[in-house]
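The values are calculated or read from the model by the stated rules, or taken from the named source; none is laboratory data. Everything numeric here is computed off the predicted structure, so don't read it as measured data. As a convention, Cβ positions derive from the backbone with ideal geometry for all residues, glycine included, and neighbour counts pool all protein chains shown.
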Amino acid sequence: MTKIAIIGGSGLEDPSILKNPNEIKISTPYGEPSSSFKTGEINGVEVGILSRHGREHSITPTFVNNRANIWAIRELGFTHIIATSACGSLRDEIKRGDLVILDQFIDFTRFRKTTFFDSFEKGELKHTPMADPFNNDLRNRLINAAKELKLSYHPKGTTISIEGPRFSTRAESKMFRMWGADVINMSVAPECILANELEIPYATIALSTDYDCWKTDEAPVTWEEVLKVFNQNVKNVISLITKTISSFQPL
Ligand code: ADE
């Protein structure tokens with residue numbers, strides 16, 4: 001049975017989209033997840049919402065316990081993960097408010113636990129393939145739903161995940177563009193890596209909120225801008241999630 005975990009980034013802390021709401025608290029061998037799971041149904045499909053930065057948005061990107069989050073998701077029997085994330089645009093054509101259905105990431109984080117496999121038990125090797133880290137079935141469902149809803153979206157895109165919580169320098173921002181990154185955020189890696197290690201299909205809806213600082217004709221990004229633009233557009237993220245989840249309903 002399909003059971004979908006939604007990992008909500010900044011601005012998606014209010015799980016009022018759920019029918020028959022309930023709450024589950026769970027602990028893991030890796031410690032506590034970022035929040036409890038707000039569970040319920042969306043269009044008849046079981047879902048659970050986890051707030052990546054905690055319900056009070058008190059957990060900084062570096063200290064999100066991604067291993068506990070992903071472990072808890074598996075422990076509770078979720079079959080898919082749809083993650084949301086605010087991102088900065090590194091391309092002119094990705095405008096504020098646009099949604100990007102990511103297909104690649106570059107991991108530029110430095111201080112995070114990026115694996116469940118700290119040691120190889122009994123000589124068992126765990127070098128997880130990561131060539132295509134976002135699940136294509138889930139991505140296609142998101143793309144079809146975005147098309148039907150006539151949202152302003154991009155069917156693919158590479159994100160670079162930085163450590164944060166600071167934003168980038170102009171030199172970094174320009175370098176990330178040269179590396180081929182289309183958007184920038186602080187969360188996708190290692191969350192996506194860990195989901196792949198546990199073989200849970202994972203996709204991200206990245207909502208573009210700013211142009212980072214590579215543009216010379218604009219003021220550099222601020223956190224206030226990120227929050228403002230995210231909140232102005234979060235309704236599109238919610239309708240995209242809702243429509244995508246309906247695609248899992250049995251006919
Ligand atoms: N999240 C939203 N905008 C961002 C930016 N410019 N850099 C890193 N993370 C972000």
What are the residues in the stretch 176-186 that are assigned to a strand (DSSP E or B) and more than 9 Å from the ligand (Cβ to nearest atom), if any?
none
Residue by residue through the stretch 84-106, note down the ones that are within 13 Å of the ligand (Cβ to nearest atom) and within 25 Å of residue 40 (Cα to Cα).
84, 85, 86
Filter the stretch 146-164 down to residues that are near the ligand (Cβ under 9 Å from one of its atoms) and either among the charged types (D, E, K, R) or assigned to a loop (DSSP other than H, G, I, E, B) (or both), then give me how many there are.
1
Of all residues in the stretch 156-199, how many are under 20 Å from the mean Cα position of the chain (by Cα), over 25 Å from residue 59 (Cα atoms) and surrounded by fewer than 16 Cβ atoms within 10 Å (Cβ to Cβ)?
3
Quick one: count up the residues across the stretch 214-231 that are over 21 Å from residue 102 (Cα atoms) and of a type outside the set (Val, Ile, Thr).
9
Picking from 70, 81, which residue would you name as being assigned to a strand (DSSP E or B), over 20 Å from residue 226 (Cβ atoms), more than 15 Å from the ligand (Cβ to nearest atom) and modelled with pLDDT of 95 or more?
81
When you go through (1) farther than 17 Å from residue 196 by Cα; (2) buried (at least 16 other Cβ atoms within 10 Å of the Cβ) one by one for residue 105, which number turns out not to apply?
(1)
Which numbered condition residue 173 misses (of (1) within 12 Å of the ligand (Cβ to nearest atom); (2) more than 19 Å from residue 140 (Cβ to Cβ); (3) not in a helix (DSSP H, G or I); (4) not β-branched (Val, Ile, Thr)):
(3)
Would you mind stating whether residue 189 is within 26 Å of residue 2 (Cα to Cα), within 14 Å of the ligand (Cβ to nearest atom) and assigned to a strand (DSSP E or B)?
no
Could we say that residue 106 is under 29 Å from residue 244 (Cβ atoms), at pLDDT 95 or above and in a strand (DSSP E or B) here?
yes
Checking the structure you have, find out if any residue of the stretch 227-247 is touching a Ser or Thr at 6+ places or on another chain (Cβ under 6 Å) and within 12 Å of the ligand (Cβ to nearest atom).
yes
Consider residue 134 against the criteria (1) modelled with pLDDT under 95; (2) under 26 Å from residue 210 (Cα atoms): it satisfies all of them except one. Which criterion is unmet?
(1)
Within the stretch 201-226, how many residues are over 18 Å from residue 6 (Cα atoms), away from the ligand (no atom under 12 Å from the Cβ) and in contact (Cβ under 8 Å) with a residue 12 or more places away in the chain?
0
